[in-house]
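The structure appears below as structure tokens.
The values are calculated or read from the model by the stated rules, or taken from the named source; none is laboratory data. All figures in this text were calculated on a predicted structure; none of them were measured in a lab. Counting neighbours? That spans all protein chains shown, and the Cβs are built from the backbone with ideal geometry, glycine included. Side chains included, ligands, DNA and RNA excluded: accessible areas come from the protein's heavy atoms. Shrake-Rupley method; radii C 1.70, N 1.55, O 1.52, S 1.80 Å.
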Amino acid sequence: MLFTLPINCCILPTQSDEIIDTKPDSLSKLMLSAETIFICMAIMVAALVWSALDPTLEPHLRVFDLDPTMVGLIFLLMAAVYAMCSPVCGIIGDKMKDVRILLILGDLLCIVGLLFVGPSPLIGFSIEFNTLWMNLVSLAILGIGNSLIVTPSFDVLNRKALERGLEDNTATYGIVAGVWSSSYALGEFIGPIFAGWMRDTKGFEWCMTYIAFVCGASAVSLISLMLFDCKNKKHSLHNNDIHQQKRKHHTSISNERTPLLKTKNEILNKTCEQV
């Protein structure tokens, strides 16, 4: 963090100090939206997946009799994959019209990673089945899925804030950053508590399975929201087409009537001149 501070000072543009009047209802405007709630849920799920592995993964790996260095490298695998994929996800997100597709894809990848890191009994594996290579592949998939959710989520929230009527200024960025951080912190709070309790009562395999269900709920909510938006856009486009057709019809009728009016006026003028 200290290393990036001088880099940010050189790269970021200068901004003059200004007093920004933040409306008291700005946060309520942003939060009183189903899309905002679902995006915050996706952010919370990404943090929950990450933090749930902290107290549960090391006991799960004890059967392989690994030394502490290897266990630390396995924990580093997910973070390393996340760090490598995040810039790519950012570039892809900048070129997409609807970034929510990345969030849905990230949820789906997290589901796959969680079901195989156990592995889950729902996909046909026994409770005793556990291989090191499957754990490594699953952690890499989880790193990719987290990068697909976390990286574009701030931009999605910021766009939603502007759509809800908030101004494009630093005050809005602060509100969006606060909502994003709160959602992520909530996931980091719930993750270790839920995962620790589930491992003690149901086992690591079912713990990861239940978290996969949460990721599935987040994916379904985002897909439903996208389908709802597409339906509303088609309805609005249909109404616009009908309105344009009506305007063309009225224009054509007025054009047909205009020459007749002009002809009558010309006849009256000529009659008056002759008289």
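Scanning region 179-225 for residues that are of a type in the set (Asp, Glu) and within 29 Å of Ser26 (Cα to Cα) yields a count of 1.
The set of residues in region 23-64 being open to solvent by less than 10 Å² (accessible area, probe 1.4 Å) and either touching a strand residue (DSSP E or B) at 6+ places or on another chain (Cβ under 9 Å) or not in a helix (DSSP H, G or I) (or both) consists of Leu61 alone. Regarding region 159-176, can at least one residue be identified that is among the aliphatic types (A, V, I, L, M), open to solvent by 30 Å² or more (accessible area, probe 1.4 Å) and without any contact (Cβ under 8 Å) to a residue 12 or more places away in the chain? Scanning region 159-176, I find at least one residue that is among the aliphatic types (A, V, I, L, M), open to solvent by 30 Å² or more (accessible area, probe 1.4 Å) and without any contact (Cβ under 8 Å) to a residue 12 or more places away in the chain, so the answer is yes. Return only the number of the condition from (1) open to solvent by less than 90 Å² (accessible area, probe 1.4 Å); (2) at pLDDT below 85 that Lys264 does not satisfy. With (1) open to solvent by less than 90 Å² (accessible area, probe 1.4 Å); (2) at pLDDT below 85 applied to Lys264, the lone miss is (1). The residues in region 202-242 that are open to solvent by 60 Å² or more (accessible area, probe 1.4 Å), at pLDDT 90 or above and closer than 20 Å to Ile104 by Cα can be counted, and the count is 5. Take the conditions (1) crowded, with 20+ Cβ neighbours inside 10 Å; (2) in a helix (DSSP H, G or I); Pro119 misses just one of them, which is (2). Of all residues in region 130-149, those that are open to solvent by less than 20 Å² (accessible area, probe 1.4 Å) and touching a residue at least 24 places away in the same chain (Cβ under 8 Å) total 10.
Every residue, every condition in (1) open to solvent by 50 Å² or more (accessible area, probe 1.4 Å); (2) within 29 Å of Leu157 (Cβ to Cβ); (3) modelled with pLDDT under 90; (4) in a helix (DSSP H, G or I), yes or no:
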{"site": "Ile74", "(1), (2), (3), (4)": "no, no, no, yes"}
{"site": "Met78", "(1), (2), (3), (4)": "no, yes, no, yes"}
{"site": "Tyr82", "(1), (2), (3), (4)": "yes, yes, no, yes"}
{"site": "Leu103", "(1), (2), (3), (4)": "no, yes, no, yes"}
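The condition (being on the phi < 0 side of the Ramachandran plot, among the charged types (D, E, K, R) and in contact with a Pro (Cβ under 9 Å, 6 or more places away or on another chain)) is satisfied by just one residue among Glu188, Glu205: Glu205. Within region 126-138, at least one residue is at pLDDT 90 or above, closer than 21 Å to Met208 by Cβ and under 25 Å from the mean Cα position of the chain (by Cα).
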